[in-house]
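Note sheet for the following structure.
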Amino acid sequence: MKVFLDRLSKYFGQVKAVDNLTLAIEDGEFVALLGPSGCGKTTTLLTIAGFYKPTAGFVLFDDKVVNELPPRERNIGMVFQSYALYPHMSVLDNITFPLRLKKVSRKERETKAKALASLLRIEDILERKPAEISGGQQQRVALARALIKEPGLLLLDEPLSNLDAKLRVTMRAEIKRLQKDLGITTILVTHDQVEAMTMADRIAVLETGKLQQVGPPEELYNSPANLFVAGFIGTPPMNFLAATLEKREGKFFITTERFCLPLPDSVTMKICQIPTPHDVIVGIRPENISIGQGEIRGEIYVVEPLGRDTLVSLHIGTEIIKVIAPPTFRASPGEQVQLTFSEEKVHLFDKETGKSLLV
Amino acid sequence: MGPSVGLVLLFYFIPVILTFLIAFTDMGRTLIWRFIGLDNFARLFGVGSRDPLIPRILLNTIVYTLGALPLTIVGGLLIAVLSMRMRPSAGLFFRSVFFIPRAIPPVVWGFLWAWSFEGTRYGLFNAILAALGLPTVQWLIRYPMIIVILANGFLGISLAMLVFSAAIATIPQELTRAAEVDGASEGQVIRYVILPMLKWPILTMTAWHLMSFLNSYVYIMLITGGGPYYATEVWSLYAYHAAFTQYRYGYGASLVVLLVVVNVVLFLIILKAFGMQRMLTRGKIEV
């Protein structure tokens, strides 16, 4: 099923929970709605599900406006954050409930439930009540219940947030594989950028009800459209430093009190129209800084070994930046070091608008 | 702890024990204890000098309880479910209206019913009938039992509705939403999700109101006084009349003791019917 959100807005009194959101989701696509709490992602999902009526704009399923359609007529499956399993029904009854409402015969619905249960590896717990199974099993049951009526659209509302860290990594992969196998259009709501990055084909980043950027995970990571997306995507997050963009003898530089960095041609090409000097925010990811030699001086603040690599926090003047160093890196707090920024990987944002100057 | 134990003994155990003992006496207006063994109970069960009113009282009690109890539970459920599924402000209005019986003094509530169904043309309903040019009706003589059932039923509804509404409010919204996504209509959400989750409140209210209807006689006394000619005289009211208007304390106490036994037995039956054992022994795994 194709989903199209056409200038969708949802207000609660004066609060604009969703503000003029336009988003097209292709058939079979897995899209994540990503943002911090209160960004409007859950409101968007509940509007797609039909629990909220849009204040303005349209929700279209396969090119048909469904604004007025109640949830039960939308042919959707949904997994809630709390799983929302019916506590008085057995696992089997929970899974077959949607078919029971459709008056499917008991035999047929049990056959279908057993097939799904074996796919999700919950066939041993069908007779139990939800309170008698673990959180991971509850989630599989919720997925089975959402999938049994073969909906055109699967909505996942923070489905992994109640699982422990280890199980989350497993379920993340399983849901992604299941989605690809079934080819069902899926919308995932999450505040966890790792979840969004790993699972979704495309991510829509929302903040205060507004769409900030939409694109494949790599695109959001490599070419963030603004400061918000740049800071939200990636762990540890991108480092930001206030600087001035200057042009000397035909070449562009970024200068701060502490250093002056010439920009390579690949970057310069994109900013040659910008009048200088110009106040900018320089963004650089922790993995794009190397410690050892270079023009920029820093002072070690703390070193955190992570096994695979080492996370180093250091001061440049009064600002703290984070650097990912090799696992063998050792230094003590207060030690002076030299740094190099990979100029190719530098991001530049307009200080006024927060918009990227490079996209 | 000492003084409080004394108070509990004084105000709870001693009256219970005394009532139990008095049931085996023929204590009357003179307050003289004279044990007569099981004579009072023999009278109740129609052995020897039987009480001819007992079958009538028993029937009244059963009719009254079987009338008021379902009215209370079904009515309370209906108002709770409907009011909780409509617009919040409208729901609050309906719950407030149905809570009125509990908010006004019993005497006023009883008087309202007595006045509304007053047999002269001054009664509310008769005034309406008269205004429409229809003949008036002797409501309290022709339909006394229905009237006391309604008066007590609406009082029961107010509490049951409140308890059921509170229970519905604790049902996570995600559950009813899940049912809607699964394809349930409004009626099916109520039937398959809300009602099953009200099992324990329904049990509590059924047990509570069963006891209440068996034991309380205040509104019947206020509206009909048990009449006309014992038509609404229920067991507890009969015990009251025996003890405090006819001053047959011994006989009144025996009526009450029997009522307590019936209460306990019925309570146990209800628990059994709702599978209390299962609730208490159900295993749970931490999520």
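Details
- All positions within the range B:32-72 that are farther than 28 Å from residue B:18 by Cα and loosely packed, with under 12 Cβ neighbours inside 10 Å: B:59
- Some residue of the range B:81-89 being small (Gly, Ala, Ser) and assigned to a helix (DSSP H, G or I): yes
- Against the conditions (1) out of contact with any helix residue (DSSP H, G or I) (no Cβ under 7 Å at 6 or more places or on another chain); (2) open to solvent by 50 Å² or more (accessible area, probe 1.4 Å); (3) farther than 24 Å from residue A:316 by Cβ, residue A:223 satisfies every one except (2).
- Residue list for the range B:27-58, restricted to those being over 10 Å from residue B:254 (Cβ atoms), of a type in the set (S, T, N, Q) and either at pLDDT 80 or above or not in a loop (DSSP other than H, G, I, E, B) (or both): B:30
- Of all residues in the range A:147-163 being at pLDDT 90 or above, within 10 Å of another protein chain (Cβ to nearest Cβ) and closer than 19 Å to residue A:112 by Cβ, the one that is surrounded by the most Cβ atoms within 10 Å (Cβ to Cβ): A:148
- Of all residues in the range A:90-103, those being over 19 Å from residue A:128 (Cβ atoms) and either at the interface with chain B (Cβ under 7 Å from one of its Cβ atoms) or surrounded by 17 or more Cβ atoms within 10 Å (Cβ to Cβ) (or both) number 4.
- Residue tally, condition farther than 15 Å from residue A:82 by Cβ and either open to solvent by less than 20 Å² (accessible area, probe 1.4 Å) or within 8 Å of chain A (Cβ to nearest Cβ) (or both), over the range B:183-203: 11
- Selected residue [closer than 21 Å to residue B:179 by Cβ and β-branched (Val, Ile, Thr)] from A:55, A:47: A:47
- Unique match (being open to solvent by 10 Å² or more (accessible area, probe 1.4 Å) and touching a His at 6+ places or on another chain (Cβ under 7 Å)) among A:299, A:257, A:287: A:299
- Residue in the range B:81-93 that is in contact (Cβ under 8 Å) with a residue 24 or more places away in the chain, among the aliphatic types (A, V, I, L, M) and open to solvent by less than 90 Å² (accessible area, probe 1.4 Å) present: yes
- The number of residues in the range B:173-182 that are more than 7 Å from chain A (Cβ to nearest Cβ) and either open to solvent by less than 40 Å² (accessible area, probe 1.4 Å) or in a loop (DSSP other than H, G, I, E, B) (or both) comes to 2.
- The sole residue among A:71, A:87 that is open to solvent by less than 40 Å² (accessible area, probe 1.4 Å) and either over 18 Å from residue A:129 (Cα atoms) or within 14 Å of chain B (Cβ to nearest Cβ) (or both) is A:71.
- Restricting the range B:222-281 to residues that are free of Cβ contacts under 8 Å to residues at least 24 places away in the same chain and among the basic types (Lys, Arg), the residue that is farthest from residue B:115 (Cα to Cα): B:278
- Being assigned to a helix (DSSP H, G or I), within 20 Å of the chain's Cα centre (by Cα), without any contact (Cβ under 8 Å) to a residue 60 or more places away in the chain and within 30 Å of residue B:163 (Cβ to Cβ) is a property that residue B:71 lacks.
- Residue in the range A:320-338 that is within 26 Å of residue A:227 (Cα to Cα) and modelled with pLDDT under 90 present: no
- Residue check: residue A:81 meets all listed conditions (1) open to solvent by 30 Å² or more (accessible area, probe 1.4 Å); (2) closer than 24 Å to residue A:202 by Cβ; (3) more than 23 Å from the chain's Cα centre (by Cα); (4) within 14 Å of chain B (Cβ to nearest Cβ) but one, namely (3).
Here's the yes/no breakdown for (1) open to solvent by less than 10 Å² (accessible area, probe 1.4 Å); (2) under 23 Å from residue A:232 (Cα atoms):
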residue	(1), (2)
A:13	no, no
A:19	no, yes
A:25	yes, yes
A:35	yes, yes
A:38	no, yes
A:45	yes, yes
A:52	no, no
A:56	no, no
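- Among the numbered conditions (1) open to solvent by less than 30 Å² (accessible area, probe 1.4 Å); (2) within 29 Å of the chain's Cα centre (by Cα), the only one that residue A:307 does not meet is (1).
- Conditions (1) among the β-branched types (Val, Ile, Thr); (2) open to solvent by 10 Å² or more (accessible area, probe 1.4 Å); (3) within 14 Å of chain B (Cβ to nearest Cβ); number of the one not met by residue A:133: (2)
- Test: residue in the range B:116-136 that is within 26 Å of the chain's Cα centre (by Cα), closer than 19 Å to residue B:212 by Cα and more than 14 Å from chain A (Cβ to nearest Cβ): no
The values are calculated or read from the model by the stated rules, or taken from the named source; none is laboratory data. Keep in mind that what you see is a predicted model, and the values were worked out from it rather than measured. Methodologically, a virtual Cβ is constructed for each residue, glycine included, from the backbone with ideal geometry; neighbour enumeration extends over all protein chains shown. The area values use the complete protein model at the heavy-atom level, side chains included, leaving out ligands, DNA and RNA. Shrake-Rupley method; radii C 1.70, N 1.55, O 1.52, S 1.80 Å.
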